[in-house]
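This report concerns only the one structure given below.
The values are calculated or read from the model by the stated rules, or taken from the named source; none is laboratory data. A quick note: this is a predicted structure, and the numbers were derived from the prediction, not measured. Note: ideal-geometry Cβ built from the backbone for every residue, glycine included; neighbour counts use all protein chains shown. Protein only, heavy atoms only, side chains kept; ligands, DNA and RNA dropped before computing areas. Shrake-Rupley method; radii C 1.70, N 1.55, O 1.52, S 1.80 Å.
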Amino acid sequence: MMAAMSEFDDATRVAADGATAIADGWDINGNANGGYLLALAANHMRALSGRPDPLSVTGHYLAPGTPGPVQVDATVVKSGRRFSTVTGQMQRDGKPIVQVVGTFGDLTQATDEFEHLASGPPDLPPMDECVARSSVQGVVEVPLNARLNVRLRPGDDSFIRGERKGFAEMAGWFAFADGRPIDPLALLLTCDCFPPAVFHIDLPAGWVPTLEYTVHVRARPAPGPLRCVFRSQFVQGGFFNEDGEVWDSADRLVAHSRQLGLTPLG
């Protein structure tokens, strides 16, 4: 029942032959969110793999995605005892939009025999004390935010007013606006739903095209909103990296991510 009613499930539905559509309302200023595009492609790749969970998915972004019909073509490269590796491409009218490679498996088979975690979840105020993201960010329309319940740590929204913290970090809470439980496929979206961390250093808050985006899924999230933190350590030569961590209500690291993007284009 929940899956049938979920906006995310409706927006990532793919036919068995790979026919699908980029849904309206999952965009920033008309261009579909990169995490949403990755989840849409990975949903078809996951079905083809015969495994329930994405473990590592990488997308190379070749052209902006706008609402309308697209095709996801995918091929299983290898299927082993525990993992399947699949390549895929999303295209429209023969023009590639995203090139994807993913490894799929079953996270219930993961073991907790040994752990070494260099840090823990970000220290955040309660979700209702954080700043809700709106569908308008300055002069930029962000319809994606109407589908989500993303709350920024107090002060992390200051870039909208032209104020910078002086270090590239962005943190807050993530949930779906319609209450959909967050599963491994949704984590591909989660890691791309916060403002870029570089907005808090001496750069304009403009469009930041993503070249490559990778999500490593570590566990199926426990029920409840997720705590997220994103940091950029290296900005050089017109490129920046952004590393993300996503933690669930049981204080488990459920995903981490890395993006390579172009510095903001005003």
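Among the candidates Gly238, Gly179, Gly172, the residue that is in contact with a Ser or Thr (Cβ under 9 Å, 6 or more places away or on another chain) and either at pLDDT 95 or above or closer than 24 Å to Ala146 by Cβ (or both) is uniquely Gly179. Just to verify a result, which residue in region 95-113, among those that are in a loop (DSSP other than H, G, I, E, B) and modelled with pLDDT under 95, is nearest to Thr20 (Cα to Cα)? The qualifying residue nearest to Thr20 (Cα to Cα) is Ala110.
Restricted to helices (runs of 4 or more DSSP H) entirely inside region 1-94, those with at least 1 residues that are hydrophobic (A, V, I, L, M, F, W, C) and farther than 22 Å from Ser257 by Cβ are 2-5, 34-49.
A search for C-beta distances below 6 Å between a residue of region 152-166 that is touching a residue at least 24 places away in the same chain (Cβ under 8 Å) and any residue that is exposed (fewer than 15 other Cβ atoms within 10 Å of the Cβ), counting only pairs 6+ apart in sequence or on different chains, returns Ile160/Gly138. For first residues located in region 29-52 and β-branched (Val, Ile, Thr), partners that are modelled with pLDDT of 95 or more and open to solvent by less than 10 Å² (accessible area, probe 1.4 Å) and lie 6+ apart or on another chain with Cβ distances below 6 Å do not occur.
Would you point out the residue of region 225-254, among those that are assigned to a loop (DSSP other than H, G, I, E, B) and open to solvent by less than 40 Å² (accessible area, probe 1.4 Å), that is nearest to Trp173 (Cα to Cα)? So the residue we want is Asp248.
Given the structure, is Pro204 open to solvent by 40 Å² or more (accessible area, probe 1.4 Å), farther than 23 Å from Pro181 by Cα and in contact with a Pro (Cβ under 9 Å, 6 or more places away or on another chain)? Spelling it out, Pro204 is indeed open to solvent by 40 Å² or more (accessible area, probe 1.4 Å), farther than 23 Å from Pro181 by Cα and in contact with a Pro (Cβ under 9 Å, 6 or more places away or on another chain).
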